[in-house]
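In what follows, a single structure is set out as C-alpha cells and then discussed.
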Amino acid sequence: MRTSRLLTVLRHHSSSSSSNHQSPPIATLLSSTFYSTNTPERTDNFTASNHHHPHQFFQFSSCNVLARGRALFTCPVAFRGFLTRAKKIKIEVDDHGQRAVTTALWCNFLVFSLKFGVWLVSSSHVMLAEVVHSVADFANQVLLAYGLSSSKRAPDALHPYGYSKERFVWSLISAVGIFCLGSGATIVHGVQNLWTSQPPENITYAALVIGGSFVIEGISLVVAIHAVRKGAAAEGMKVKDYVWRGHDPTAVAVMTEDGAAVTGLLIAAASLVAVKTTGNAIYDPIGSIVVGNLLGMVAIFLIQRNRHALIGRAIDDHDMEKVLHLLKNDPVVDSVYDCKSEVIGPGFFRFKAEIDFNGVVLVQNYLIRTGREEWAKQFREAAKEDDDAALLKIMSCYGEEVVTALGSEVDRLEQEIQDIVPGIRHVDIEAHNPIVPLP
C-alpha cells in the first residue's frame with residue numbers, strides 16, 4: 001500500500017505541472033522519504049532480518065546529470081548481477097520406491113514362473129487366478145519402473161516444472177490394469193466355474209509352490225514396507241498417514257500389491273485345503289472370486305491415490321503454516337493474499353502468493369544500505385535548481401533503484417521460503433496492488 005504512495009504523488013505533480021495551476025516544488029514532496037524516522041523499531045527489525053544476506057549489496061557508478069553545463073549529482077546505480085531471475089532446478093530425488101519396485105519386479109517374475117508351472121500340472125482354478133494375479137503384478141511393476149525412470153527427466157521448455165507427475169500417470173494405468181485384468185478376469189473366471197468345477201490335480205505340488213511364492217512375496221513385501229517407512233520419515237508423517245496422503249504413492253502401490261499377493265496366497269492355500277478336506281471342488285472357484293475382489297479393492301485404492309496426485313493437491317498444512325508465519329512476520333510484508341500451493345511431484349512443491357509490501361520499510365532499508373545522506377544531499381542540490389528537470393531525473397533514477405530493491409526483497413523471501421520448506425522448488429511472489437481502479 002505504501003509502495004504506491006510515491007507514484008501517486010508523482011502522477012499528481014505531473015498533471016498539475018501540465019496545467020496552469022500553481023503546484024508546490026517537487027522537493028517538498030519527498031522529505032518524508034529521507035528524513036522520516038517514525039518507524040525505528042520496524043527499521044531495526046528489518047535491518048536485523050537482512051544482515052545475513054551478504055549477496056544483497058549495492059555499488060555506485062557514475063550517472064552524471066548535467067544542469068546548466070555542470071555536473072550536478074552522481075546517481076547511485078545498483079549492481080544487478082544477483083537479480084537474474086532465470087533459475088535452473090536440478091532434479092535430485094531421494095526415491096524410496098525405486099528399490100521396492102525393482103525387488104517386486106524380479107520377485108513377481110519368479111512367482112509367476114512357479115505359479116504358471118503348477119497351474120499347468122494341477123489345472124486349479126484358484127491357481128489360475130493366482131497366475132493372472134502374478135501377470136498383473138509383473139506388468140504393474142514394469143509400468144511403475146518405467147514411470148520412475150521417465151519422471152526423473154530434467155525440466156525443459158515444453159515442461160518447465162519437470163516430468164515428476166509422469167510416474168503418477170503410469171501408476172494410474174497400472175492400477176486400472178489390476179482392476180480390469182487382475183480383478184475382473186479373476187472374478188469372471190471364478191463365477192464361470194462355480195457349477196462346473198472339478199477337484200484340482202496334484203494339490204501337493206500346488207501347496208509347495210504356494211509356500212515358495214509366499215516366501216518370495218514376503219521378501220518383496222518387507223522391502224516395500226521399509227521403503228514406505230523411509231518415505232514417511234522423510235515427510236515427517238506417520239506410516240498410516242503416509243499411506244493415505246503421502247506425496248509419492250509408488251512405494252505405497254508396491255506395498256499394497258505385495259500385501260494383496262501374500263493375502264491371495266493364503267486364500268489360495270485355504271481353498272486348496274478346503275477342497276482336499278471336504279472333497280467339494282466349489283471352494284476352488286470361491287477362492288478365485290475372493291482373490292479377485294481383493295485385487296479390486298487394491299486397484300480402487302491406487303486409482304484414487306494417483307487421481308489425487310495427478311489433479312494436484314496442496315502441500316501439507318504444517319508446511320503451509322510455516323511459510324505463512326515467515327511471511328506475516330517479515331517487516332517488509334504488510335499483508336499476504338491469495339496463497340496457493342501444489343504438489344508437482346514426490347517431494348516437489350510449488351508455492352504462489354501475492355504480497356502487499358511495506359514501502360516505508362523497503363525504502364528505509366534500501367537507504368541504510370546505500371546511504372541516506374548521499375541521496376538526501378543529491379536531492380537538496382537538485383532542488384536548488386530553478387526548474388525541475390534535474391530533480392525529475394534523480395527521482396527517475398531513485399525510483400528505478402527502489403524497484404530493484406523490491407526485486408532483491410522478493411529474492412530474499414523466495415530463498416527463505418525454500419530454506420524452511422526445502423521441497424518447495426518453485427516460488428512465485430507477486431506484488432499485490434491494493435488500489436482497485438475505478439470503472
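The values are calculated or read from the model by the stated rules, or taken from the named source; none is laboratory data. It should be emphasised that the depicted structure is a prediction, and the values quoted were computed from it without experimental measurement. Don't worry about glycine lacking a Cβ; one is built from the backbone with ideal geometry, like all the others, and counts go over all protein chains shown.
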Q) Is there a residue being farther than 16 Å from V298 by Cβ, touching a residue at least 60 places away in the same chain (Cβ under 8 Å) and either in contact with a helix residue (DSSP H, G or I) (Cβ under 8 Å, 6 or more places away or on another chain) or among the polar types (S, T, N, Q) (or both) anywhere in the stretch 248-256? A) yes
Q: Scan (1) buried (at least 17 other Cβ atoms within 10 Å of the Cβ); (2) under 18 Å from A253 (Cβ atoms); (3) among the small types (G, A, S) for the single condition A185 breaks and write down its number.
A: (2)
Q) Pick from the stretch 240-249 the residues that are assigned to a helix (DSSP H, G or I) and charged (D, E, K, R): which of them is surrounded by the most Cβ atoms within 10 Å (Cβ to Cβ)? A) R245
Q: Could you check how many residues of the stretch 176-199 are aromatic (F, W, Y) and modelled with pLDDT under 85?
A: 1
Q. All but one of (1) on the phi > 0 side of the Ramachandran plot; (2) crowded, with 20+ Cβ neighbours inside 10 Å hold for G371; which doesn't?
A. (2)
(Q) Of the residues F214, F179, only one is in the same structural domain as R305 (by TED's automatic domain parsing), part of a helix (DSSP H, G or I), touching a residue at least 60 places away in the same chain (Cβ under 8 Å) and aromatic (F, W, Y); which? (A) F179
Q.
Looking at I315 and the list (1) buried (at least 24 other Cβ atoms within 10 Å of the Cβ); (2) in contact with a Phe, Trp or Tyr (Cβ under 6 Å, 6 or more places away or on another chain), which single condition is not satisfied?
A. (1)
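State whether the residues of the stretch 251-266 include one that is under 30 Å from N280 (Cβ atoms) and not in a helix (DSSP H, G or I).
No, that holds for no residue.
Looking only at the stretch 100-112, which residues are surrounded by fewer than 24 Cβ atoms within 10 Å (Cβ to Cβ) and either under 25 Å from Q192 (Cα atoms) or among the aliphatic types (A, V, I, L, M) (or both)? Walk me through how you get there before you give the answer.
Step one: filter the stretch 100-112 for residues surrounded by fewer than 24 Cβ atoms within 10 Å (Cβ to Cβ), giving 102-103, 105-106, 109-110, 112.
L105, L110, F112, listed by residue number.
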Q) Taking V336, is it β-branched (V, I, T), assigned to a helix (DSSP H, G or I), surrounded by 17 or more Cβ atoms within 10 Å (Cβ to Cβ) and touching a strand residue (DSSP E or B) at 6+ places or on another chain (Cβ under 6 Å)? A) no
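Look through V215, V252 and report the one residue that is surrounded by 15 or more Cβ atoms within 10 Å (Cβ to Cβ) and modelled with pLDDT of 85 or more.
Answer to the selection: V252.
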Q: Tell me, please, whether a residue that is among the acidic types (D, E) and under 28 Å from R245 (Cβ atoms) can be found in the stretch 217-227.
A: yes
Q. Restricting attention to the stretch 374-404, which residues are surrounded by 14 or more Cβ atoms within 10 Å (Cβ to Cβ) and among the polar types (S, T, N, Q)?
A. Q378, T404
Q: Would you please name the residue that is farthest from S113 (Cα to Cα), looking only at residues in the stretch 144-171 that are surrounded by fewer than 21 Cβ atoms within 10 Å (Cβ to Cβ) and aliphatic (A, V, I, L, M)?
A: A157
Q | G407 closer than 30 Å to M320 by Cα, buried (at least 18 other Cβ atoms within 10 Å of the Cβ) and of a type in the set (G, A, S) | A | no
Q) Residues in the stretch 260-272: is at least one of a type in the set (S, T, N, Q), at pLDDT 90 or above and assigned by TED's automatic domain parsing to the domain that holds L144? A) yes
